[in-house]
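Chemist: Before I ask anything, let me first share the structure, which is written out below as structure tokens.
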Amino acid sequence: MRSHLLDDLERLLCLGLRDDARRTGLAEATARVLLVLVPGEDLPMGDVATRLGRSRSTATRFVDRAVAEGLVERRTGLDRRRRLAQLTPAGVTARESLSALRSQRAGALPRAVQERTGLGEGEVEWFVEAVVRSLVPPTR
């Protein structure tokens, strides 16, 4: 039964991102790219893939879509072999809108846990942090 809970949580988190992306007029893949890029930061494509938790080829497809939409631009790094991704001004604006929706959704989570469990505010924060940590794969 517990593995079903994890599956349900992952599915609901994906649906939440998909809904937030749709509400801002974005594809889910584009939304994921916007959320992993930091305004003003040039990020190597390998790091984009790592932050997305996807293969390099999938990350490249996601970034290509965001580039085609004018939200991300690619640059060549100093050694010319490195390809860097950076948010455009339109990408920064779209990221801010998406982040606002994500913040609203994140703010609702502790309230919902508190209502269902009776835990205090500090206990809910501890609980949510424990859940997040349990989902992060251990580093070797």
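Chemist: Would you mind finding the one in L52, L37 that is within 13 Å of the chain's Cα centre (by Cα), modelled with pLDDT of 95 or more and under 18 Å from R102 (Cβ atoms)?
Modeler: Result: L37 is the single residue among L52, L37 that is within 13 Å of the chain's Cα centre (by Cα), modelled with pLDDT of 95 or more and under 18 Å from R102 (Cβ atoms).
Chemist: Residue check: is D42 free of Cβ contacts under 8 Å to residues at least 12 places away in the same chain and farther than 24 Å from V136 by Cβ?
Modeler: Considered against the rule, which asks whether it is free of Cβ contacts under 8 Å to residues at least 12 places away in the same chain and farther than 24 Å from V136 by Cβ, D42 comes out as no.
Chemist: Then there is this: Could you tell me which numbered condition L84 fails, if it satisfies all but one of (1) out of contact with any strand residue (DSSP E or B) (no Cβ under 7 Å at 6 or more places or on another chain); (2) over 20 Å from G16 (Cα atoms)?
Modeler: (1)
Chemist: Pairs under 9 Å by beta carbon, first residue of a type in the set (K, R) in region 105-126, partner part of a helix (DSSP H, G or I), six or more apart or different chains?
Modeler: Close Cβ pairs satisfying both conditions: R105/G16; R105/L17; R105/D19; R105/D20; R111/V124.
Chemist: If you check A59, A49, A106, A94, which single one turns out to be assigned to a helix (DSSP H, G or I) and exposed (fewer than 13 other Cβ atoms within 10 Å of the Cβ)?
Modeler: A106
Chemist: Going by what's in this entry, would V67 be described as within 22 Å of V132 (Cα to Cα), touching a strand residue (DSSP E or B) at 6+ places or on another chain (Cβ under 8 Å), part of a helix (DSSP H, G or I) and not charged (D, E, K, R)?
Modeler: For V67, the condition - within 22 Å of V132 (Cα to Cα), touching a strand residue (DSSP E or B) at 6+ places or on another chain (Cβ under 8 Å), part of a helix (DSSP H, G or I) and not charged (D, E, K, R) - is not met.
Conditions tested, residue by residue: (1) among the polar types (S, T, N, Q); (2) farther than 24 Å from T93 by Cβ.
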{"site": "R11", "(1), (2)": "no, yes"}
{"site": "T24", "(1), (2)": "yes, no"}
{"site": "L37", "(1), (2)": "no, no"}
{"site": "D42", "(1), (2)": "no, no"}
{"site": "M45", "(1), (2)": "no, no"}
{"site": "R51", "(1), (2)": "no, no"}
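Chemist: Filter region 62-82 for residues that are surrounded by fewer than 16 Cβ atoms within 10 Å (Cβ to Cβ), over 16 Å from E96 (Cβ atoms) and touching a helix residue (DSSP H, G or I) at 6+ places or on another chain (Cβ under 7 Å) and give the result.
Modeler: Those that are surrounded by fewer than 16 Cβ atoms within 10 Å (Cβ to Cβ), over 16 Å from E96 (Cβ atoms) and touching a helix residue (DSSP H, G or I) at 6+ places or on another chain (Cβ under 7 Å): E73, R74.
Chemist: Moving on to the next point. Given the criterion at pLDDT 95 or above, of a type in the set (G, A, S) and out of contact with any Ser or Thr (no Cβ under 9 Å at 6 or more places or on another chain), identify the matching residue among A68, A31.
Modeler: Matching residue, one of A68, A31: A68.
The values are calculated or read from the model by the stated rules, or taken from the named source; none is laboratory data. Predicted model, so just to flag it, every value in this text is computed and none were measured. Don't worry about glycine lacking a Cβ; one is built from the backbone with ideal geometry, like all the others, and counts go over all protein chains shown.
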